[in-house]
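The values are calculated or read from the model by the stated rules, or taken from the named source; none is laboratory data. Everything quoted here is computed from the prediction, not taken from an experiment. Here the Cβ positions follow ideal geometry from the backbone for every residue, glycine too, while neighbour counts run over all protein chains shown.
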Amino acid sequence: MQAVNVGATDENDQLPAEQHQGDVVEDGDQYLTFIMAHEEYGVDILCVQEIRGWEAATPIPNAPSHIKGVINLRGTIVPIVDLRQCFGLEAIEYTAVTVVIVLKVETEKGSRIMGIVVDAVSDVYSLAAAEMKSAPDLGDAVNTDYIRGLVNVDGKMVILLEIDRLLSMDDIPNLAEVSRQVLSGAADAEAQ
Amino acid sequence: MSIDLSQFHQVFFEESFEGLEEMESCLMELDPSAVDGEVINSIFRAAHSIKGGSATFGFDVVADFTHVLETLLDEIRAETRGISQDDVDLFLRAVDCLRELLSQLQQGEQPDTEVAQELKAAFEKILREGGDTTTAVATEPEPDAGETGTQSWKIYFRPGTDTLRTGNEPARMLRELAALGQAQVTVAAEEVPGLGALEPESCYLGWHISLTGSIEKAQIEEVFEWVVDESEIRIEAQAAPASATWSIAYRPGTDVLRTGNEPARMFRELAALGDLTVSADTDGLPQFSQLDPESSYLGWQLTLTTEADKSSIDEIFEWVIDESDLTIETGAEPVSAASTTVAPESEPAAAPAAPAPVPTSTPTAAKPAKSPPQAKPSGGDGAKKAVETSSIRVGIDKIDNLINMVGELVITQSMLGQLGTDFDLDRLPNLLEGLSQLEHNTRELQESVMRIRMLPISFAFSRFPRMVRDLSRRLNKKMEIELKGEQTELDKTVMEKIGDPLVHLVRNAVDHGIEPPEKRLAAGKQEEGKITLNAYHQGGNVVIEIIDDGRGLDRDSILAKAVEKELVTERDAGQLSDEQVYDLIFHPGFSTAKEVSDVSGRGVGMDVVKRNILALNGSVEITSTAGQGSKITIRLPLTLAILDGQLVRVGSHTYIFPLVSIIESLQCDSSLVNQVAGGCDVFQLRNEYVPIIRLFDVFSIEPDSRNLGESLMVVVECDGEKVGVVIDDLMAQQQVVIKSLEQNYQKVEGISGATILGDGTVALILDIPGIVKIAGVRHLTDNQVTSLARSHSNSELMALSASA
């Protein structure tokens, strides 16, 4: 008797969910968004393998500072990238709520699994390609290849990342360095 | 029923390649002056299996070619013909040719038959020539065998009841007999038990076969070769019985093809009984537009001359007799002139995927059949894919062992599970015992699984006798090769990667090492050069030695060449140790051969050899005595997947040293540390000096203490040199499973891989040469360190101080 009840409720629960999903698919690609320094970024949800809490990683010697190390993901060695440092944002202390998004990235050398550390996971949006605006050209100094586009959701800007391109670069670009170079270049120019 | 045979192709190819290897090694063993019957038999069996397999799978090129080969082998086996060295050469070429054909077929390409045709012609020539001399050479085993005319045989064949279970099929043998000549088979079914007692897998039947043709007894015996032990077989010569002529008029019903019967097949069966003439009656054929491709409109007039009786003809038509017009009469009736003679095979209606293909063995037939449209594309893809997936043949004992282990593991698991359901502290000893048992099981399981990947090194060695033989002929040298320790086991991956370097080294030994016969005689050595390949286990390593008794390495000419190539300065040249000089030949582009031959001497290769061996975490060294020969020693790890590791701690980090590279570990004593110019420290280890590497410096991490006096030092071997690595603490020794860092990240200098420790965290495995490279300490040899005064002029130390 109980079992029947459970089954029935399940069905009731599922129906609206399915309808909801159907709507979403019509609208376009789905993106998982996350927060870093009050900015919202999105990645293609099909790349996302799982979301897990931060755990200590084994540091890799002489690796760039944004590579936090490697973790054991059920027997696979997965490198962890701190996206904050990647983007030249100020580093923050990792806490229990710090999140690692495990992504499957397609590269020329085959697919790789990588984790990115972000402040918090935000939402899942379905966005049509039409809504997307291309990234502004910031000149030669700043590489914007890894930005798929910008999109406006409820008055907030979401930066959609081309995660394959961002993480497939053999040397993941340290944008902090890039910006520092830009800044120092500007400072030099001023000094002259 | 159509069977997708392509699913068996991979197995066929593997077995065939194995068979070819077997043939090759037997041919190498074969001494033409004293033929060992067992060796010939082995070659014959291999050829026979390849022929059988290729015929089954429709690789006619291979089957035809092997058939000729087999015929010749058969004559040699029956001792009706001798074998010469030229024949052996021809057979070896045939093996190469077959290998080529098979690999082309495996790739799904059209085989290139040119060589095959040429060789086939050569074999046929030998066969013809042999025919005349046969009787002279032959030691006739049977008085009848000499007769060339038609011979009749009466055979009684009763297979043992287990024949079917052992995979032999009497029907196949009967077909083979029928292929030899005109066969008439009657079944002796008197021993078939009642239905209640009948075991479906047993064979109760016997057959009386009368066989007519120019057949030798040996040929008949060959058919029964596999079952002769368990069967009752009587073969008697018999005078040819009077044959009768039958006239058969046969017009099948139009639906005969739809019911799966094929007239062409029946005619083939009739033809097997005797001489058959067939003429088709096309009167019933409708207009082309009305022709139903699946209906049969033809009738046939057949004339059969055979000694078979009517029942055996009736039997052939058994399946169609109800729906056909069939008359069978004795006495030839000339066929009406109006009818056209048509070869049964060209009958258009017979086209739809030959309904009754020659049945293969019963197990095959038992496999579920795919429908032809599906089977075709998947077959094509399968062949392509098959090339990529490599497989491994594992001895059944290894698998059984594994199953036992898993069984034990399951028992331990259930024991622990039971403990867990209601656990109290009293049962703690039980738990601990269970856990230790689990550990034991896991380790054994791990070892067994690893053993599956292990293959005897003979897989890599087997190609060398042939290679040395061919090379020695080409170079007009005389030599023999000796293989030792062929049963030494090695990981399959390592084996695959070591094959090419070994080929290169052996080739070098043949070309450069062994002198021409006249020089050898002049030097007071045996005319015949000797190359020895030796493999054995030593510690966690496999050691492979390539030893030749040739002229040895010429220190002076190597040095002269090195100076010419500016690899060493003339001043240094005199001070280099022999090992260092010999090591020079591993430099890219280094060759001292005065003439570049097509065998070797281009100087590409030795550097690749060394690189390949290093990539396998192995090492290679050369020892040589001028005029006496040289020895190349290769050390390889047993496996690439598991490593005996020493866990060490530096600050909060855990690293793993490969245990094989550690010579000793000791407490650092600051009083024994000397500083060499430029900031490199050396440690006085007894009576030698070893350079010190501080792991925390190399990896830019924070140690417990920077004071050497409070640290430990692990002395490791790197490229034959000792290096001291400073760490904070030694931890456990354990086996670790090597995981790739490159798979998801990239290569890290100084790190060869990662592993997962018991607590689930990742630890990195150190790559000693990489660390040494980062630290900038290279080839700091004993004499260089002891003569410190000279160190300023030493370029390597200069480089070191620059980087420090």
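Of note:
- For B:D314: the one exception among (1) surrounded by fewer than 17 Cβ atoms within 10 Å (Cβ to Cβ); (2) out of contact with any Gly (no Cβ under 6 Å at 6 or more places or on another chain); (3) farther than 17 Å from B:L326 by Cβ: (3)
- Among the criteria (1) under 47 Å from the mean Cα position of the chain (by Cα); (2) aromatic (F, W, Y); (3) over 23 Å from B:I321 (Cβ atoms), the one B:F288 does not fulfil is (1).
- Any hit, segment B:681-695, residues being more than 30 Å from B:I622 (Cβ to Cβ), more than 14 Å from chain A (Cβ to nearest Cβ) and touching a residue at least 60 places away in the same chain (Cβ under 8 Å): no
- Selection from segment B:229-244 of residues that are at pLDDT below 75 and crowded, with 16+ Cβ neighbours inside 10 Å: B:S243, B:A244
- The sole residue among B:E199, B:E225 that is closer than 30 Å to B:L73 by Cβ and not assigned by TED's automatic domain parsing to the domain that holds B:R77 is B:E225.
- Only one entry of B:A34, B:A63 meets the criterion of being closer than 19 Å to B:Q107 by Cβ, surrounded by fewer than 22 Cβ atoms within 10 Å (Cβ to Cβ), without any contact (Cβ under 8 Å) to a residue 24 or more places away in the chain and assigned by TED's automatic domain parsing to the domain that holds B:R93, and that entry is B:A63.
- Residues being closer than 23 Å to B:F696 by Cα, hydrophobic (A, V, I, L, M, F, W, C), within 10 Å of another protein chain (Cβ to nearest Cβ) and part of a loop (DSSP other than H, G, I, E, B) are entirely absent from segment A:71-88.
- Restricting segment B:753-777 to residues that are more than 8 Å from every other protein chain (Cβ to nearest Cβ) and either part of a loop (DSSP other than H, G, I, E, B) or of a type in the set (D, E, K, R) (or both), the residue that is nearest to the chain's Cα centre (by Cα) is B:D767.
- Qualifying residue in segment A:57-79 (condition: farther than 30 Å from B:G758 by Cβ and within 15 Å of the chain's Cα centre (by Cα)): no
Residue by residue, here is whether (1) over 26 Å from A:P59 (Cβ atoms); (2) of a type in the set (A, V, I, L, M); (3) in contact with a Leu (Cβ under 6 Å, 6 or more places away or on another chain) holds:
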position	(1), (2), (3)
B:L672	yes, yes, no
B:V676	yes, yes, no
B:D681	no, no, no
B:L695	no, yes, no
B:V714	no, yes, no
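- Note on segment A:40-59: residues that are farther than 21 Å from A:F87 by Cβ, more than 14 Å from chain B (Cβ to nearest Cβ) and crowded, with 19+ Cβ neighbours inside 10 Å total 0.
- Residues satisfying the stated conditions in segment B:257-272, i.e. in contact (Cβ under 8 Å) with a residue 40 or more places away in the chain and assigned to a helix (DSSP H, G or I): B:P263, B:A264, B:R265, B:M266, B:F267, B:R268, B:E269, B:L270, B:A272
Listed here are the residues, each with its yes/no results for (1) in contact with a His (Cβ under 8 Å, 6 or more places away or on another chain); (2) surrounded by fewer than 18 Cβ atoms within 10 Å (Cβ to Cβ); (3) of a type outside the set (D, E); (4) farther than 15 Å from B:V506 by Cβ.
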residue: B:H440; (1), (2), (3), (4): no, yes, yes, yes
residue: B:L445; (1), (2), (3), (4): no, yes, yes, yes
residue: B:V449; (1), (2), (3), (4): no, yes, yes, yes
residue: B:L455; (1), (2), (3), (4): no, no, yes, yes
residue: B:A460; (1), (2), (3), (4): no, no, yes, no
residue: B:D470; (1), (2), (3), (4): no, yes, no, no
residue: B:R474; (1), (2), (3), (4): no, yes, yes, no
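- Scope segment B:704-759; condition charged (D, E, K, R) and closer than 28 Å to B:L445 by Cα; matching residues: B:K739, B:E742, B:D759
- Those residues of segment B:658-709 which are small (G, A, S) and assigned to a loop (DSSP other than H, G, I, E, B), in sequence order: B:A677, B:G678, B:G679, B:S700, B:S705
- Residue tally, condition part of a loop (DSSP other than H, G, I, E, B) and at pLDDT below 85, over segment B:717-733: 2
- Residue that is nearest to the other protein chains (Cβ to nearest Cβ) [pool: residues in segment B:661-680 that are within 19 Å of B:P769 (Cα to Cα), crowded, with 18+ Cβ neighbours inside 10 Å and out of contact with any Pro (no Cβ under 7 Å at 6 or more places or on another chain)]: B:S661
- Of all residues in segment B:734-752, those that are part of a strand (DSSP E or B) and either over 29 Å from A:I67 (Cα atoms) or within 14 Å of another protein chain (Cβ to nearest Cβ) (or both) total 5.
- Filtered residues of segment B:78-93 (kept if within 26 Å of the chain's Cα centre (by Cα) and either surrounded by fewer than 23 Cβ atoms within 10 Å (Cβ to Cβ) or not assigned by TED's automatic domain parsing to the domain that holds B:L30 (or both)): B:D87, B:V88, B:D89, B:L90, B:L92, B:R93
- For segment A:95-114, filtered to residues that are away from chain B (no Cβ under 13 Å) and at pLDDT 85 or above, the residue that is surrounded by the most Cβ atoms within 10 Å (Cβ to Cβ) is A:V100.
- Here B:L455 meets the list (1) part of a helix (DSSP H, G or I); (2) at pLDDT below 85; (3) among the hydrophobic types (A, V, I, L, M, F, W, C) almost entirely, failing just condition (1).
- Enumeration of residues in segment B:415-453 that are among the aliphatic types (A, V, I, L, M) and over 18 Å from B:M405 (Cα atoms): B:L419, B:L425, B:L428, B:L431, B:L432
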